[in-house]
């Protein structure tokens, strides 16, 4: 682990770079694997609780409310929180609501427990992003953030596959017990990895968290980045929540296990997200983001097809585009903030996850009332707004120097 810590403080690649990226990716994987795993079993949950797709979609995605709140709170308190201890406690506590979901008696209890999961996941997520922003030089920060988002992507794929397989084999309750064990595995990884890196050398904050937040919102570039994050998860949630109901209905009529395998559509995103940092360095944040959003938008018409290969291709493109855009936007916030990076990361994540909550509510109503085509149109509008906001992204001179 010595090489990993040295790689965080140098401008040149080192032999420990791959190891560091692996640990970062695994941490992300085990931190947010609960977030979207339940989407693969949405039809099963809908039948179990005897509710509409919109109601179940909102309940499952209620975790984003907890994540939005926790991201903002952790952002404010970030200067006073020991990174390792905070991440470790968050992951241990996450196992509690995950376990209780196995016996949630009704949709209200299920929703509350999902919010509690979100609180714990976002605490670990925001503290890890702040940690990376402080430990990495500006030269390799993009790669570190891309590794973290790649772990996020992998959790989307593996989480859905595992969830579908466990439910199909052992039932709904066993699914949540299994994911609680994964949460504890994440805590073990943090204990043995972050404990052995050198102490952080973060610059002392010169502003109060409130003053820093006001300054961040006054910055047109950061303000636009926060809004882009909102739009990205709005589009992602709308796509990968409600496409499940399309896939199990005629004419596609997929079974539960088949629905899990569909999420191999995320596999290309695991690879493409890794190069987001390099793409930003070569083409700039705006060009990289525009390209990512265009790829996502290109997948939307395909998802209206009645042929499974077309729908799967559309899912692949939306996955690649949204995750690549998320990596670009996350890295931009880290590089564009000179003071109180934890506050900036927390604000960005709060906006990002709030976008997911609003997306599940708004697009769920569109899906229930007007159908899949109107829902897809709403997703496209969100991507178009994000592309428009990207014009405002520009780094200040200080962001080009080492953190």
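Odds and ends about this structure:
- When the residues of segment 307-341 are filtered to those that are more than 18 Å from residue 239 (Cα to Cα) and within 17 Å of the chain's Cα centre (by Cα), the one that is modelled with the lowest pLDDT is 334.
- No other residue among 87, 112 is at pLDDT 85 or above, within 28 Å of residue 55 (Cα to Cα) and part of a helix (DSSP H, G or I) apart from 112.
- Some residue of segment 255-266 being more than 19 Å from residue 155 (Cβ to Cβ) and in contact with a helix residue (DSSP H, G or I) (Cβ under 6 Å, 6 or more places away or on another chain): yes
- Elements of type helices (runs of 4 or more DSSP H) in segment 1-67, at least 3 residues being modelled with pLDDT of 85 or more and over 26 Å from residue 346 (Cα atoms): 42-49, 53-60
- Condition met for residue 287 (more than 21 Å from the chain's Cα centre (by Cα) and over 25 Å from residue 42 (Cβ atoms)): yes
- Of the criteria (1) under 30 Å from residue 336 (Cβ atoms); (2) at pLDDT 75 or above; (3) more than 17 Å from the chain's Cα centre (by Cα), which one residue 135 fails: (2)
- Counting the residues of segment 158-178 that are surrounded by fewer than 24 Cβ atoms within 10 Å (Cβ to Cβ), closer than 21 Å to residue 27 by Cα and modelled with pLDDT under 85 gives 2.
- The residue list 118, 142 contains one member that is surrounded by 23 or more Cβ atoms within 10 Å (Cβ to Cβ), at pLDDT 85 or above, under 30 Å from residue 292 (Cβ atoms) and out of contact with any strand residue (DSSP E or B) (no Cβ under 9 Å at 6 or more places or on another chain), which is 118.
The values are calculated or read from the model by the stated rules, or taken from the named source; none is laboratory data. Since the model is a prediction, treat every value here as computed from it, not as a measurement. Reconstructed Cβ throughout: ideal geometry from the backbone, glycine too, with neighbour counts over all protein chains shown.
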